[in-house]
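The values are calculated or read from the model by the stated rules, or taken from the named source; none is laboratory data. Note that the structure is predicted; figures quoted are calculated from it, not measured. So basically every Cβ, Gly included, is an ideal-geometry build from the backbone, and we count neighbours across all protein chains shown. Just so you know, the surface numbers come from the protein's heavy atoms only, side chains and all, with ligands and any DNA or RNA stripped out. Shrake-Rupley method; radii C 1.70, N 1.55, O 1.52, S 1.80 Å.
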Amino acid sequence: EANIELPDGQLTHVLRRTFAVNFMQNDGNIKELQMLMGHATLAMTEKYLRFAPIRPDSAQKLNPITADGINVTELTSETL
């Protein structure tokens, strides 16, 4: 319905990558994603996520250990 025009064979790849990024951004598990995508290696799954934005808010929410005085939502790639 979106009339996305891509070279032959690329639409499926784009949609798979969009699914992978959205899955992880919604707190998905990368090993689960690997299984869903049918990848033999975790490295292949990571390639689909190469340019996915870092989400420090989920790191703060999911981290079982909190460090006093550190607000991970203020971290940038320069401070990591």
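Condition check ((1) open to solvent by 80 Å² or more (accessible area, probe 1.4 Å); (2) at pLDDT below 80; (3) closer than 24 Å to Gln10 by Cβ) across all residues:
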residue	(1), (2), (3)
Asn29	no, no, no
Ala43	no, no, yes
Tyr48	no, no, yes
Ala59	no, yes, no
Asn63	no, yes, no
Gly69	yes, yes, no
Thr79	yes, yes, no
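Return the pairs, sorted by first residue and then second, in which the second residue is at pLDDT below 90 and open to solvent by 70 Å² or more (accessible area, probe 1.4 Å), the first residue lies in region 16-40 and is part of a helix (DSSP H, G or I), the beta carbons are less than 7 Å apart, and the residues are 6+ apart or on different chains.
Going by the 7 Å Cβ cut-off, the qualifying pairs are Gln25/Arg55; Met37/Arg16.
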